[in-house]
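No lab work stands behind these numbers, since they all come straight from the coordinates. Note that this is a predicted model, so its numbers are computed, not measured. Note that we place each Cβ from the backbone using ideal geometry, even for glycine, and neighbour counts take in every protein chain shown.
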Amino acid sequence: MATDSSTVPHIAPAPDAHGGEAHRHLTSYYVYEAPVRLWHWLTAILVFGLSVTGYLIAVPPVSAEGDTNDLFRMGTIRELHFIAAYLLAIGMAWRGYWAIVHGQHARQIYYVPFWSLEWWKEVWGMVRWYLFLAKKHERWVGHNPLARASMFGMFTLGSTFMVLTGFGLYAEQAGLGSWQDTLFGWTLSLFGSSMALRTWHHVGMYLLLLFSAAHIYAAVRDDIMGRVSTISSMISGWRTFRD
Amino acid sequence: MSTTTPNGFNLDNAGKRVVVDPITRIEGHLRIEVNVDDKNVIRNAVSTGTMWRGLETILKGRDPRDAWAFTQRICGVCTGVHALASVRCVEDALGIKIPENANTIRNIMSLALYVQDHLVHFYHLHALDWVDVVSGLKADPKATSDLAQTVSPSWPKSSVGYFRDLQNRLKKFVESGQLGPFRNGYWGHPAYKLPPEANLMATAHYLEALDFQKEIVKIQTIFGGKNPHPNWLVGGVPCPINLNDTGGIGAINMERLNLVSSIVDQSLAFIEQVYIPDLVAVAGFYKDWAAIGGGLAGKSFLSYGEFPQFANDQSNKSLLLPRGAIIDGKLTEVLDVDLKAPDQIQEFVTHSWYSYSDETKGLHPFDGVTEPKFALGPNTKGDRKKLEAIDENAKYSWVKSPRWKGHAMEVGPLARFVVAYMSGRQDVKDLVDSTLKTLDVPITALFSTLGRTAARGLEALWSAKQLKAFNDKLIASIKAGDTATANTEKWDPKSWPKAAQGAGFMEAPRGALGHWIKIEDTKIANYQAVVPTTWNASPRDAAGKIGAYEASLLDTPMANPEQPLEILRTIHSFDPCLACAAH
Amino acid sequence: MARVETFYELLRRQGVSRRSFTKFCSLTAASLGLAPALAPKVAHAMETKPRIPVLWLHGLECTCCSESFIRSAHPLVKDVVLSMISLDYDDTIMAAAGHQAEKCLEDIRTEYKGKYLLCVEGNPPIGKDGEYCIVGGRPFVDQLTDMAKDAMAVVSWGSCASWGCVQAAKPNPTHAVPVHEIVKDKPVIKVPGCPPIAEVMTGVVSYIVTFDRLPELDRQGRPKMFYSQRIHDKCYRRPHFDAGQFVEAWDDENARKGYCLYKMGCRGPTTYNACSVTRWNEGVSFPIQSGHGCIGCSENDFWDNGPFYERLTNISVFGAEANADQWAARVGVGVGVGVAAHAAVSAAVRMTDKERHKSPPMPKGGHE
Ligand code: HEM
Ligand code: HEM
Ligand code: NFV
Ligand code: SF4
Ligand code: SF4
Ligand code: F3S
Ligand SMILES: [Mg+2]
């Protein structure tokens, strides 16, 4: 539970380890490197785009009129979905690589210290804070433990689920023996049928949308009330603590 | 111990117990046990349906518009009949009116099934009870050809060469020692009466019918996309009609209509020139069977009526085969049947493997309950791992016991024809009278094993003709500018009432079929089917009345109880379907 | 034993010349990966081989698989039964009944140990000791287990034997299970469909007879040759799908033009079968061609992936049923209300409780 040593504070004086008057000024840490920020916003856009195109695949718009030859509406929606899907997957693969070669912050969303009682206490502390049961909460340079839990549980697992099931579905059109089939075809067997796979892929979308809604709300709220830069830190990379 | 049942049959379960399990050449799993006296005459008969799947339970909570697909899987032999009864009960519950063309197309699909199902029954399920295939090896091809040309002068496949080739092929087959489906048959049994030439001719037609039956069903494929198990739709039929506009190639168009017409013509030809002549020829050798196997026939018949000429009119004015019941042998008195009257159709489970809170009473299908409860009676021989003899005093079948106003009823082509005949339907009268005349037997000859088999053949002929009539009607309607095939006003469940209930009927090839549905909050709250074979194969009821199968076997003399050909003949004359019966 | 009509003789009778038979054999040899020199051996085998015994059992089913089988046009089912296989047991068509019928099973089992094909239509219910399906006085599951022991391979006909089908739909009152859950030590070839297409059924049988080997199977155990692609992949209405042209209601303008049935619930995109190419009943039609969507009848659990006329399947949560979108709408409303309330309370607290946001502790690095 050591303070992060890899994060060098931007502005002196260094914070007093026990809090108090000493740090009643702005303190900033460089948390999100540019590639991570780029990845974050790209992912945000892709998830949004995948949700829109995915929904339209499930519930297509009212029939197109005109010459069948000239129309490719459903085809286009699907194509966009697949392009976004590939980008999302590549981004995730890159982000995984980044987590391996970079430090602690980069790894946070990939696991939670599930066995640490201390950590659970911190999660509980944050839950109390958000439920207005606590007057104060601890602060973290990286993600707060509750955010981390939801990032891991809903985003990391959720988007991995979407990629696995999505490529599982893609394998159906790529055909038996395609690399998509070799790598992801098992997902169909896992869910028992193609229809079930599709249904769960669809449900997965809502899991991600739920995460996004909570995540964006929390980010905006913290930015206003948490006296911590959150939104701007995902833009500039610097996390600033305002008191 | 000898007893008389309330419906007037003497049962005596002393004597030797003979078990036939499985009864083959039927659909599903049926076990028949009989007791024969010292002269090998049947004195007690027990009919046990040995399968149950629980479809009524499975349907609960589902979308009523899907029910046809589930119930259609009750049976793949009488495919489509449950689907039709199902869409009808949903339409009845929701007050949906279907377009005229949809009614016509449904009739065409059902009539095609009648023709095909009866044909397959006669040749592939029933014929081996009368035809000794092996004896055909001894036939003289020339004499066979002569015989074929006498019974059916215009059927082309009747040359000497044709029968010689066939005989050679059969010889090779038999000599191979691998007899396939003919293995262990009752060849040479004294009850086989046909001369070798008739056996060879019938065998040829067995194979021809096998080739031909697959043509008839194409009618269902055209309108329903496949057979078995074509597609149906609440509110009409799924196939649109488009003769002149863009995309007509993908709908019912001129080419499709021509294909239907051509199959209709071929079907009529096959029935007229092969099935009916064979039936008459075979019957001529087995006239003694016009006095065997009657049972409930002539006493209690039930028909729900079928083939509405006009969409949404299910009265006897519209039904080509009328609705009605005959009881106590009062043939001239055809009684009204009401599917919804609580005191008319009821099912008992006293001797069936289900439980009711009060098993002395029957339940009307709207309030029907299907709660499985398997148990073997104290006098059972063997156990559930190896059943040697069943105890008919306890529960003994997966089939329930339906009763009409308390009466055990026989259903099927014979019941339909007798009800139609007695209701004064001229087309049926002419057909029946002329056949009786040809065979030179009185009308009572109908109430027998042979009568049932003959009625089925006549109905196939009647159906082939009606098929043509409805096909013409469809074309006339399209010509007059009506191309509607579905009514979607109440397609959306949001347009349904909070609760509704309905009954749907269908005269299936094997007899009176009813489906009853209760809909609550757009879902199925209760679903019950009472099926033709449920009526015929029913075990005893609370009062001890026996069903049609059991009654029909009584007093039948057997040549050799070890080779139960006589049991097969009579049971097959009903064309049993046990998947239907217990569902 | 007397001479058996062989596959060669069947072909000859059907007008195939000696020459093309020899050619057929060398092609066969080649496709089996054998040297051309072995072609005469293949020919010899085909000329002399006895017909393979087939035992066709029926469990809980509706017999539509048998009905479909007899609709086969190429090969004609009479040729299959008379010349390709020896159908020594099939209670739907066999002459014998009762113990004479059951004896056929035992005889073949001993005479042709390890050499017969066991075809199963329907499935065994294993609830309550198998009492929901009794054949010859024994639970069907026992008959199946016994007969599978000495079989060369097992063919699961239809969705019943392959997946469980309608009787296994929720709540599966008889606990019906597919054949491969009972027979675990033999190759099981699934030929799903409710029913399967006739020519697919006879195609599988004639493949085994002709090439003397079992067909290649996909991950789910189905012959690749018939089940490796979806209805949707080869559907002739696909251009309308890609264009975004759909039937919006039964018998509407678009239905008459033959537009795509996706919005009417078509399961073509999630169904592996040969219908859109092989079609039904000698190529006359298939469900989509006749205006109704595919209901996915060859798929595992297709009965519980309904309702059939909705694209999205119902998901039941604690007994309540709705599709994913409907659930999302419900949850979404909840989340919306929750967020709004939380935001409001946050603002209120911020106005009233100044302390709450003062002097928070030092930021921590967080856990490793
Ligand atoms: C307007 C929309 C968004 C805003 C303002 C936003 C803002 C933020 C902020 C402030 C953080 C840092 C949180 C912290 O340090 O605890 C963050 C992290 C993150 N956000 Fe977003 N976000 C948005 C949309 C999304 C979307 C749609 C997704 C994906 C579904 C997403 C996924 C993530 C992930 C995975 C992280 C963790 C990044 C890491 O640790 O590498 N964000 N976001
Ligand atoms: C955030 C990520 C994603 C979301 C929200 C999403 C959403 C959806 C939705 C809602 C559907 C329609 C399902 C239905 O019919 O009910 C769909 C279909 C599909 N998705 Fe995704 N998806 C995502 C990622 C992916 C990925 C990574 C792939 C990988 C290639 C993918 C491939 C597919 C495919 C192949 C289909 C079926 C399209 C068709 O058959 O026409 N998806 N997606
Ligand atoms: N019994 C019966 Fe059926 C008929 N016909 C149906 O309703 O055969 Ni399966
Ligand atoms: S798979 Fe379908 S068609 Fe075949 S027996 Fe089962 S329910 Fe009938
Ligand atoms: S009709 Fe069905 S299978 Fe054909 S393209 Fe449309 S969705 Fe696909
Ligand atoms: S419903 Fe079945 S028949 Fe073919 S088109 Fe679909 S798999
Ligand atoms: Mg019932």
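For this structure, a couple of remarks:
- Remark on B:ILE546: its backbone amide H falls under 5 Å from those of B:ASN7, a criterion applied only to residues 5 or more positions apart or on other chains, H modelled at 1.01 Å from N.
- Phi-derived couplings, Karplus 6.51 cos²θ - 1.76 cosθ + 1.60 at θ = phi - 60°, listed residue by residue for the stretch A:29-38: 10, 8, 9, 10, 5, 3, x, 5, 5, 4 Hz, with x used for Gly and Pro.
- Sorting the segments B:148-156, B:229-237, B:321-329, B:492-500 by their mean number of nearby beta carbons within 10 angstrom, highest to lowest, gives B:229-237, B:321-329, B:148-156, B:492-500.
- Report note on the peptides B:572-578, B:366-372: ranked by the mean count of other C-beta atoms within 10 Å, highest first, their order is B:572-578, B:366-372.
- Computed from label points 7 Å out along Cα-Cβ, the spacing between C:MET351 and B:ALA499 is 5.0 nm.
- Across the stretch B:8-25, rounded Karplus estimates of 3J(HN,Hα) from the backbone phi angles (6.51 cos²θ - 1.76 cosθ + 1.60, θ = phi - 60°) give x, 10, 8, 10, 9, 9, 6, x, 7, 8, 10, 10, 10, 8, x, 6, 9, 6 Hz, Gly and Pro being marked x.
- Residue by residue along C:265-276, Cβ atoms of other protein chains within 10 Å of the local Cβ number 3 on average.
- Local electrostatic count, C:GLU67, Cβ distance below 13 Å [Lys/Arg +1, Asp/Glu -1]: -1
- Long-range HN-HN contacts of B:SER300 with modeled amide H, under 5 Å: B:GLY329, B:GLU410
- Using every pair of separate Cα atoms, the Kirkwood estimate puts the hydrodynamic radius of the stretch B:1-150 at 20.3 angstrom.
- Value of Rg to Rh for the stretch B:329-393 (Rh from inverse mean 1/r over Cα pairs, i.e. Kirkwood): 1.15
- Span from the the stretch A:62-141 Cα centroid across to the the stretch B:142-167 one, whole angstrom: 79
- Rounded to the nearest Hz, the phi-derived 3J(HN,Hα) couplings of the stretch A:152-166 under the Karplus curve 6.51 cos²θ - 1.76 cosθ + 1.60 (θ = phi - 60°) are 5, x, 9, 7, 4, 5, x, 6, 4, 4, 5, 5, 4, 5, x, where x marks glycine and proline.
- For the stretch B:266-307, the residues whose amide N sits under 11 Å from a probe point set 7 Å from the Cα of B:THR444 along the beta carbon direction are B:291.
- Centre separation in Å (Cα based) which lies between the stretch B:420-439 and the stretch B:3-48: 33
- Panel values: the stretch B:173-263, Kirkwood radius from alpha carbon pairs, Stokes-Einstein at 4 °C and 1.567 mPa s, translational diffusion coefficient 75 µm²/s.
- Over the protein assembly as shown, DSSP H runs of length four or greater, each weighted -39,500 (n - 2.57), average out per residue to a 222 nm ellipticity of -12500 deg cm²/dmol.
- Rg over Rh for the stretch A:7-242 works out to 1.05, using Cα positions for both radii and the Kirkwood form for Rh.
- Note on B:LYS157: lysines with a C-alpha under 29 Å away, same-chain residues under 8 apart excluded, are B:LYS138, B:LYS142, B:LYS171, B:LYS172, B:LYS193, B:LYS214, B:LYS218, B:LYS287, B:LYS437, B:LYS465, B:LYS468, C:LYS78.
- Counted charge near B:ILE96, where neighbours are those whose Cβ lies closer than 9 Å (Asp, Glu -1; Lys, Arg +1): -1
- The protein assembly as shown - convex hull of the alpha-carbon atoms, volume per residue in Å³: 196
- The distance linking the stretch C:156-227 with the stretch B:94-116 is 33 Å (Cα centroid to Cα centroid, whole angstrom).
- With a Förster radius of 51 Å applied to the C-beta separation of B:ASP472 and C:LEU217, the computed FRET efficiency comes to 0.55.
- Expressed in Å, the radius of gyration and Dmax of the Cα atoms of the stretch C:269-345 are 19.6, 70.
- Per-residue mean of C-beta atoms belonging to partner chains within 10 Å, peptide B:245-251: 6
- Residues whose placed amide H lies under 5 Å from that of C:MET94, excluding near-sequence neighbours: B:ARG25
- Ratio Rg/Rh [Cα only; Rh per Kirkwood] for the stretch B:428-539: 1.13
- Here chain B has an Rg and Dmax of 23.7, 75 Å, counting Cα atoms alone.
- Shielding by other protein chains, B:71-81, mean Cβ within 10 Å: 5
- Distance-filtered residues of the stretch B:176-194 - backbone nitrogen under 20 Å, label point 7 angstrom along B:ALA559 Cα→Cβ: B:182-194
- Each peptide in B:386-398, B:406-418, B:436-448 receives the mean, over its residues, of other Cβ atoms within 10 Å, and ordering these scores from highest gives B:406-418, B:386-398, B:436-448.
- FRET efficiency, C:GLU181 to B:THR3 (Cβ-Cβ, R0 35 Å, nearest 0.05): 0.15
- The stretch A:57-151: chymotrypsin sites (Phe, Trp or Tyr not before Pro) in DSSP loop, at most 11 other beta carbons within 10 Å: A:PHE114, A:TRP115
- Take the Cα of C:GLU310, step 7 Å toward its Cβ, do the same at A:ILE216, and the gap between the two points is 2.7 nm.
- Using the Cβ-Cβ distance between B:GLU388 and B:SER159 with R0 set to 56 Å, the FRET efficiency works out to roughly 0.60.
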